[in-house]
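Inspection log for the structure reproduced underneath, given as structure tokens.
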Amino acid sequence: MHRILSFLLALVLAACAGAPQRGTGDLGLVIERANGHVTLVDTTSRQPYARIGGLGDLSHASAVYSRDGRYAFVFGRDGGLTKIDMLEAKVVKRVIQSGNAIGGSISQDGRIVVAQNYTPGGIKAFDAETLELLSEVPAEFAPGQFSKVVGLADSSGNRFAYALFDGGEIWVSDFSDPRRPVTQRFPAGRQPYDGLVTPDGRYFLAGLFGEDGVAMLDLWQPEKGARKILENYGRGQEKLPVFKMPHLRGWSVAQGKAYLPAIGRHEVLVVDVATWKEVGRIPVRGQPVFVMARPDGRQVWVNFAFPDNANVDVIDTLAGQVVQRMTPGKGILHMEFTPRGEQVWLSARDDHKVLIYDTANFQRIGEIAAESPSGIFFTTRAARIGF
Amino acid sequence: MSANSVIFAVFLMSTATIAAAQPPVSPDAARQRELVHLVRQDCGSCHGMTLQGGLGPALLPNSLKDKPQEGLVATIYFGRPGTPMPPWKQFMSEAEAEWLVQQLLNGLPQ
């Protein structure tokens, strides 16, 4: 009798529990850009565990996470904003919020998701719970003129910094009252193409395409205005053609130095973050797109624009030079490190694979099938400033 | 010479340069697939994989139909200084750029 009771009790418990409980710290998603799917992945087992479709045009998509890492917010090119439950592996909410979007960010308190848009140019804030539209800031930099918005990044106090490609300005919008944002404007320079916030949340940097240099705003003292750093890094030499815009979101800072992609030069620029002066440049095998530090800062991985996008160069920050030149696959679009950096995942678009490498010895330790994979986003991003 | 005839002369010269480079023959089927892949995947970085625009303008038939064809070919081949549009001449011939413009105007195959 006792045995039968325990058996029944076990049955009841099993039925209540459903799926085994688990955390989200080792999960992530891979954008499959060609067909509107995302593949959900587990970085411990190095395997996919679900695939979700119906996300629209993901040809330039990115994702941010709720502070508990449970929900991903995926921003699609077509203005789609999709909230995904990483544990139940399903779409919980989806809205079309604009005509043409480029990405987004989530507030410090996790309550506001902000999308940045090309058409109509501006940003829109949504309730992270319901995806209800809270407010918007049109990027009208001159009467009747709207700019494409790039480089949106979150900062302290539910503020968001971003740059106006056509307007040549950095804007900071304070969403302390999410329905009534207050925006400050700062002249930045010609054609900012992307932006980033430093890991401490203090500085917003906007890379400039229209001139040699980077605009920088101290978010702790915005009243001082934006200033230029790395001015004239091209030294007046003719630029090489840029077949894909670099992305700054992969921001690398290691040993007090920042590593940034040059524009129109096959170089990574090295900047001292105490003085914001250039202290070196490292030749690489193409126009850098992502220049990303391993979480411990010992290595910086670099991928490249077309036609050199089969290559990946790895810089050792102690040696200050490239120590590994790899050709891992066709169309390497993105790289993402596991939380402590022992693995890096690379998307090989034209091989339809995600490649997993051991960062200590550069050996391939796994791969996952995915159709035209692009962005890889792990839940660790939930805890980072500027994402 | 009136302003109009200057413009016409420049127009003739530009079409002559393009026409003289190579006769407008279609690339073979394999090359056509390569070119379409290039447009969707790599031009798509800025113009969107579905060509509805991004940092660069849309490349759909409706958005291109009022633009002079020679100008479109020249934009692909030589790029457009002062904008992020780079020259693609190291990756294709002028005839191939012309073929691509035709495809874009008719709606690019998948």
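What to note about this one:
- Selection count where residues are more than 27 Å from A:Arg190 (Cα to Cα), of a type in the set (D, E, K, R) and assigned to a loop (DSSP other than H, G, I, E, B), scope the stretch B:56-107: 2
- Residue that is surrounded by the most Cβ atoms within 10 Å (Cβ to Cβ), among those in the stretch A:180-225 that are over 19 Å from B:Leu55 (Cα atoms) and of a type in the set (Ser, Thr, Tyr): A:Tyr203
- Every residue from the stretch B:51-98 that is among the aromatic types (Phe, Trp, Tyr) and at the interface with chain A (Cβ under 10 Å from one of its Cβ atoms): B:Trp88, B:Phe91
- Apart from one condition, A:Gln324 fits all of (1) part of a strand (DSSP E or B); (2) within 27 Å of A:Phe73 (Cα to Cα); the exception is (2).
- A single member of A:Pro143, A:Pro138 is out of contact with any strand residue (DSSP E or B) (no Cβ under 7 Å at 6 or more places or on another chain) and either closer than 28 Å to B:Pro57 by Cα or at pLDDT 95 or above (or both), and it is A:Pro143.
- Just one of the listed residues (A:Phe362, A:Phe337, A:Phe304) is touching a residue at least 12 places away in the same chain (Cβ under 8 Å) and on the phi > 0 side of the Ramachandran plot, and it is A:Phe362.
Yes/no matrix, rows are residues, columns are (1) out of contact with any strand residue (DSSP E or B) (no Cβ under 8 Å at 6 or more places or on another chain); (2) at pLDDT 95 or above:
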site	(1), (2)
A:Asp26	no, yes
A:Gly36	yes, no
A:Gly103	no, no
A:Ser107	no, yes
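- Of all residues in the stretch A:226-239, those that are buried (at least 16 other Cβ atoms within 10 Å of the Cβ) and either assigned to a loop (DSSP other than H, G, I, E, B) or among the polar types (S, T, N, Q) (or both) total 4.
- Of residues in the stretch A:28-60 being among the β-branched types (Val, Ile, Thr) and assigned to a strand (DSSP E or B), the one farthest from the other protein chains (Cβ to nearest Cβ): A:Val41
- Residue that is nearest to the other protein chains (Cβ to nearest Cβ) [pool: residues in the stretch A:216-253 that are in contact (Cβ under 8 Å) with a residue 60 or more places away in the chain and among the aromatic types (Phe, Trp, Tyr)]: A:Phe243
The values are calculated or read from the model by the stated rules, or taken from the named source; none is laboratory data. Just so it is clear, the structure is predicted and the values come from calculations on it, not from any experiment. Don't worry about glycine lacking a Cβ; one is built from the backbone with ideal geometry, like all the others, and counts go over all protein chains shown.
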